[in-house]
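The values are calculated or read from the model by the stated rules, or taken from the named source; none is laboratory data. These numbers were taken from a predicted model, which means no experiment stands behind them. Side chains included, ligands, DNA and RNA excluded: accessible areas come from the protein's heavy atoms. Shrake-Rupley method; radii C 1.70, N 1.55, O 1.52, S 1.80 Å.
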Amino acid sequence: MKSIAALQALVTAAPFDGEPSDAELDAIETEMPAILADVVLLDAQIMTIDRTPTELDERRIRRARRRVLAARRELANRSAVVSLSGGAA
């Protein structure tokens, strides 16, 4: 029987050090407004899980949904501008 551990070096090209690369950190920073908007929407939805939403809860959820859509639109527009300009923004 062959050992799988002997083949592992062939599968993994570079050792994983557990830290994100600079490019990954830049991507996270770029997407952070959309991520935070999603968190606010989830918080608003979680608050109403075990009870009937009040008018204030419904407004809070609507505002959070609009914020998510605006953040995603801004992110999409930014990536479209970068792709059209050849990466230089």
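Key figures
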{"quantity": "Length-normalised contact order of the range 19-89 in % [C-alpha pairs under 8 Å, at least 6 apart]", "calculated": "36 percent"}
{"quantity": "Area of Leu56 that stays accessible when all protein chains are in place (1.4 Å probe, Å², to 10)", "calculated": "90 Å²"}
{"quantity": "Stretchable slack from Thr48 to Glu31, in nm (0.36 nm times residue separation minus alpha-carbon distance)", "calculated": "3.5 nm"}
